[in-house]
There are 2 protein chains.
Amino acid sequence: MIGQEIIDRFVALLGPKGVVTEPDDIAPWLTDWRGRFHGASPAILQPDSTEKVAAAVTLAGQLGIPLVPQGGNTSMVGGATPPPDGSALILSLRRMNRIHALSPDDNLAICEAGVILATLHDAAEKAGRRFPLSLGAKGSATIGGLISTNAGGTQVLRHGTMRALVEGIEAVLPDGSIFQGLDALKKDNRGYDIKQLLIGAEGTLGIITAASLRLVPAISARAVGWVGVRTPADALALLRLAEARLGDSVEAFEIIADDGLGHVLSHIPGTRCPIETRTPWHVLIEVDHADLSDPGPAERLEDALAQAMDKNLAVDAAIAANDAQASAFWRIRESLSESERAQGPALQFDISVPVARMPTFMIDAAAAAERAFPGTTASSFGHLGDGNVHFHVRAPKGTLDGPNWIATDGQSINAFVHDAVVAVGGSISAEHGIGQMKRAELGRLASPARLHALRAIKAAFDPQGLMNPDKLIPRPEEG
Amino acid sequence: MIGQEIIDRFVALLGPKGVVTEPDDIAPWLTDWRGRFHGASPAILQPDSTEKVAAAVTLAGQLGIPLVPQGGNTSMVGGATPPPDGSALILSLRRMNRIHALSPDDNLAICEAGVILATLHDAAEKAGRRFPLSLGAKGSATIGGLISTNAGGTQVLRHGTMRALVEGIEAVLPDGSIFQGLDALKKDNRGYDIKQLLIGAEGTLGIITAASLRLVPAISARAVGWVGVRTPADALALLRLAEARLGDSVEAFEIIADDGLGHVLSHIPGTRCPIETRTPWHVLIEVDHADLSDPGPAERLEDALAQAMDKNLAVDAAIAANDAQASAFWRIRESLSESERAQGPALQFDISVPVARMPTFMIDAAAAAERAFPGTTASSFGHLGDGNVHFHVRAPKGTLDGPNWIATDGQSINAFVHDAVVAVGGSISAEHGIGQMKRAELGRLASPARLHALRAIKAAFDPQGLMNPDKLIPRPEEG
């Protein structure tokens, strides 16, 4: 489909280093992060400047060749995997990995799209600042991909998703023109916010080539607490109390079911329950201060938790006495998925609901799923303050062939959970995006007004449909 | 053009109270806030529900009749004034003025578009919360209009513009479909963010009918300081120091040139300079705390200002001893425009530049304007932390006929200032939007990529071009 003659034209444009055609070098980029989607492509384009990205997009437009932009290839929804028929070229941003500027005074970093998240973390730290977004794939995920998927992570409660951290964007639009929006303007009302449209667009409206990102002060002091509570509703009341007492310094607020904690204690060596009483639900809270003023975070957290005990919201509580203990508290939270895998096959959902409805949803949706699919066990944990539920449905005890269980029951469990989410006004994609994996479900569940708007914008920006084809926008037959 | 037969069809749809045709009742809504734009229209539609807005938009679409959405009619750029040929109907949201819900626990208010800002302020205050966006027109401006123009105001430094406060939106799209996005989701990655596209779209992509808005804790204690500084660069260094020492509690940071202060002291009775030394520049800073914890804002501000004196950033400083003194400090800032008007005719610009470039811009652009237009005096003041400069060019001394001066020199001064803004990567509209007034200048100055994107989005949403015609999008001959 894409012959050597075409490849040669891109080589002439981008130079020999700008085009990878060796199959072994291409192979790692044809499969998604979780190994569920497989594609094919005769070449990876890897331009090293915005101008070359623009030239490649222009040529692809002239030739009618689809492009699949790729950063660290860490999509959880097959968002960066090319189509299996080899009809598209991969456009990798990995050579555009310079940090152009990092100003601690202005709390700004200007990065090319291919800068890896961990690299930015390190650079910010060296400058006495912090880039407050982090996630498991930080050693591979790139700034361009994180913006294109409006990534979340563990610090969203205080600092927001990627959308809240992007001050400016440079992008190549599908017609090959360069959108210059890197200047970080706090106030700018010159019509529709193109930047906001490109954030979370999964590369379907153009290719982000650089961004201005907001930095925040480094953490000077932190306190991590573990609180046993009776119900998710009590946990939400505790969050509201913490927000009222501790304001913006609440950096994380995670809710964990006691059965999840049990799995961790059973499967992860060296873990122990941080409090003496085993309560039905647990909360992990972190309070961070940028300065060393008194009272410090531990003292303030202690004060807030004492009040929560007085109000009967907390049954038991512990504050980490040192960094090692704080890490031990966090290790429990971070081991939840791993320990659950040890329990057997499970379907995991990345969903969100309005925060006020999360306590009810956590209990009701789990019970409903267990009733609808006898033998399964459902549970939820997650970022309570963000309304972001990690909802898991585990296969019936004794299920040995996980893939077969998923092939048999997966689709109906999927539909059941998504229906429950939509019923409470939630989102079927909290932070991973739509990609290929949720495209059909978006088509099934989105309102006609939303679908029409998505398609109209896509057609307006990319009339040829060449930008990351078959991602995000439901196919005509899908809704 | 729009005959009685057509009016009758809207009456049949919306009921007699839903259509105003009495010319005296229409007249006040045909001229903009500043009295610079005049339009005509045979009727105002005023539906009282989202469904009726949808029905009116659908009918207008069938009949090919343009609609001009209107809230409080406080646009500063002619954004809500109908075309002068009477070819459009006004669609007023004023009857949709219910606050559906206000939850202090969730820090959320759900309002119809016609709710007046001051009404929301009062309702939030009664619930022990605050809606942290305010501006001069708060007694008339409505939530729908504030969202459609992404309004700013004096509290943007800490709380952001309207965009940062909108958690969800309901809107009627140009095809008459209802976009349901009121659920406040902290994390939602279901494709392009339609909400963000409607914010600041000035009614050209549809009609916002309701919104979920973020509330913040009420202020428990505040401190207001006045600081004399040598240069805008020192003022910016002082802001950075204050941010580092006082974090998110810095609610306002305004910079004022000494000549502006001089005008206030000359023209506004009962004002006096808050500090003993007259310095070339002045800073007004407000620090707010939501709780009553120690140390309070006055003590913390004092501490930060003492450090600024040590570092030689501040020449003199005073902290208001009580609320009356705090109000007196603010009165100087709020009287700047009024006292300047007493000096003679002036052109006022609503522009923004990257914060780091604001100190240089304030001095260089003023000097350049004075050189280019001999006899004029130029000065700037404004929200330093937002990069939002109020840039004023005053007519040469002795100019008696202000309108004639503006007619003669206005356009070239306009172009000169806007060119200077674009040269430093700024915006020709910081917070007022484009409307009719800046449409041609946007066409002249925006990049081809931006213009193409604006027009493509407009055409995709509103192919008939019926939504707020001739606003925001430059005419073909304009760029």
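The values are calculated or read from the model by the stated rules, or taken from the named source; none is laboratory data. In this text, all values refer to a predicted model and were calculated from it rather than measured experimentally. Heads up, the Cβs are rebuilt from the backbone with ideal geometry, glycines too, and the neighbour counts pull from every protein chain shown. Only protein heavy atoms, including side chains, enter the accessible area calculation; ligands, DNA and RNA are left aside. Shrake-Rupley method; radii C 1.70, N 1.55, O 1.52, S 1.80 Å.
With label points set 7 Å from Cα along Cα→Cβ, the inter-copy distances at B:ALA306 are 2.8 nm, sorted shortest first.
Assuming a viscosity of 1.567 mPa s and a temperature of 4 °C, what translational diffusion coefficient in µm² per second does Stokes-Einstein assign to chain A, Rh being the Kirkwood radius over Cα pairs? Write down the numbers at each step before the final one.
Numbers: Rh = 23.8 Å.
For the chosen part, D equals 54 µm²/s.
A 1.4 Å probe, protein heavy atoms only, puts the accessible area of A:LEU236 near 20 Å². All alpha carbon pair distances within region B:274-403 were sorted into 10 Å bins beginning at 0; the resulting P(r) in whole percents reads 10, 32, 34, 17, 5, 1.
Exposed loop positions in chain B were taken to be trypsin sites (Lys or Arg not before Pro) whose DSSP state is not H, G, I, E or B and which have at most 12 other beta-carbon atoms within 10 angstrom. Between these positions, the longest stretch is B:35-271.
The phi-based Karplus calculation (6.51 cos²θ - 1.76 cosθ + 1.60; θ = phi - 60°) puts the 3J(HN,Hα) values of region A:224-232 at 10, x, 10, 10, x, 10, 7, 9, x Hz, whole numbers, x for Gly and Pro. Calculated from the alpha-carbon coordinates, region B:47-123 shows an Rg and a Dmax of 15.0, 50 Å respectively. Please state, to two decimals, what the Cα-based radius of gyration of region B:339-473 comes to when divided by 2.2 N^0.38 Å (N = residues). Rg over 2.2 N^0.38 Å, computed on Cα atoms: 1.16. What does the copy distance list look like for A:SER293, label position 7 Å along Cα→Cβ, in nm and ordered from shortest? Its label point is 1.0 nm from the equivalent points in the other copies.
Against chain B, whose longest principal axis is taken from its Cα atoms, helix B:402-423 shows a tilt of about 80°. Helix A:117-126 and the longest principal axis of the C-alpha atoms of chain A enclose an angle of approximately 70°.
Eigen-decomposition of the gyration tensor built on the alpha-carbon atoms of region A:4-92 gives equivalent ellipsoid semi-axes of 21, 13, 12 angstrom, largest listed first. Measuring from centroid to centroid over Cα atoms, what is the spacing of region A:105-168 and region B:277-325 in Å? Centre-to-centre (Cα) distance: 33 Å.
Here the label points at A:GLN464 and A:THR231, each 7 Å from Cα along the C-beta direction, are separated by 5.9 nm in the simple model.
Each pair of Cα atoms in region B:392-451 enters the Kirkwood radius, and Stokes-Einstein at 20 °C and 1.002 mPa s then converts it into a translational diffusion coefficient of 165 µm²/s. Normalised by 2.2 N^0.38 Å, where N is the number of residues, the C-alpha radius of gyration of the protein assembly as shown stands at 0.95.
For B:GLU251, the residues 5 or more places off, or on other chains, whose built amide H falls under 5 Å of its own are B:GLU286, B:VAL287, B:ASP288. Across region B:99-217, the convex hull enclosing all Cα atoms gives 100 Å³ per residue.
On full extension, the segment bounded by A:THR360 and A:SER49 gains 107.0 nm, given 0.36 nm per residue less the C-alpha separation. With the simple spin-label model, which puts each label point 7 Å out from Cα in the Cβ direction, the A:THR31 to A:THR277 separation comes to 4.9 nm. Amide H contacts for A:GLY79 (H built 1.01 Å from N in the peptide plane; partners 5 or more residues away or on another chain; cut-off under 5 Å): A:GLN436. Accessible area per residue for chain A is 37 Å², calculated with a 1.4 Å probe on protein heavy atoms, without ligands, DNA or RNA. Working value for region A:118-163: equivalent-ellipsoid semi-axes of 16, 13, 9 Å, each the square root of 5 times a Cα gyration tensor eigenvalue, largest first. All C-alpha pair distances within region B:262-318, sorted into 10 Å bins from zero, spread as 19, 42, 29, 11, 0 percent across the bins. Rounded to the nearest 10 degrees, the angle from helix B:448-461 to the longest Cα principal axis of chain B is 40 degrees. Round to a whole number: what % of the accessible area of chain A belongs to carbon and sulfur, probe 1.4 Å? Carbon plus sulfur share of accessible area: 52 percent.
DSSP assigns beta bridges within region B:4-92; of those with both partners inside it, close to 35 percent run antiparallel. To the nearest 0.05, what FRET efficiency results for A:ASP291 and A:ARG475 with a Förster distance of 41 Å applied to their C-beta separation? For R0 = 41 Å, the calculated efficiency reads 0.20.
Mean per-residue shielding of peptide A:344-357 is 3, counting Cβ atoms of other chains within 10 Å of each Cβ. So if R0 is 60 Å, what FRET efficiency would B:LYS126 and A:ASP8 give, r being the distance between their Cβ atoms, rounded to the nearest 0.05? Given R0 = 60 Å and the Cβ-Cβ separation, E is 0.25. Per-residue extension of 0.36 nm, minus the Cα-Cα distance of B:ILE219 and B:SER447, leaves a gain of 77.8 nm for this segment.
When you restrict to C-alpha pairs under 8 Å that are six or more residues apart and normalise by the size of chain B, the relative contact order lands at 15 percent.
Site pair B:ALA101 and A:ASP258 shows an inter-label distance of 3.1 nm when each label is modelled 7 Å from Cα along Cα→Cβ. Of the residues A:CYS273, B:CYS111, ranked by 1.4 Å probe accessible area with the largest first, the sequence reads A:CYS273, B:CYS111.
Counting only heavy atoms of the protein chains and using a 1.4 Å probe, B:ASP470 has close to 70 Å² of accessible surface. Along region A:38-54 the Karplus relation, 6.51 cos²θ - 1.76 cosθ + 1.60 evaluated at θ = phi - 60°, assigns HN-Hα couplings of 10, x, 9, 7, x, 7, 10, 8, 9, x, 10, 8, 4, 4, 6, 4, 4 Hz to successive residues, with x for each Gly and Pro. Note on region B:81-228: with charges restricted to the Cβ of Lys and Arg (+1) and Asp and Glu (-1), its dipole about the Cα centre is near 480 debye. Summarising the amide proton neighbourhood of B:LEU91: residues at separation of 5 or more, or on other chains, whose placed amide H is nearer than 5 Å comprise B:LEU45, B:VAL68, B:GLN70.
Mean projected area of the convex hull spanned by the Cα atoms of region A:197-260, taken over all viewing directions: 8.0 nm². Total buried accessible area between A and B, probe 1.4 Å, nearest 100: 5700 Å².
Rg/Rh for region A:14-58 stands at 1.05; both radii use Cα atoms, and Rh follows the Kirkwood definition. Normalised by 2.2 N^0.38 Å, with N the number of residues, the alpha-carbon radius of gyration of region B:221-336 equals 1.00. Inter-copy label distances at A:LEU265, using a point 7 Å along Cα-to-Cβ, come to 7.1 nm with the shortest given first. Hydrodynamic analysis of region A:439-478 uses the Kirkwood radius over alpha carbon pairs. Inserted into Stokes-Einstein at 10 °C and 1.306 mPa s, it gives a translational diffusion coefficient of 154 µm²/s. Please report the spacing between the Cα centers of region B:231-269 and region B:59-94 in Å, no decimals. Each part reduced to its Cα centre gives a spacing of 39 Å. Per-residue mean of foreign Cβ neighbours for B:444-455 is 5 (Cβ atoms of other chains, 10 Å radius). Residue by residue, region A:90-103 carries 3J(HN,Hα) couplings of 7, 10, 8, 9, 5, 7, 8, 10, 9, 8, 6, 7, 8, 10 Hz when phi is fed to the Karplus relation 6.51 cos²θ - 1.76 cosθ + 1.60 (θ = phi - 60°); x denotes Gly or Pro.
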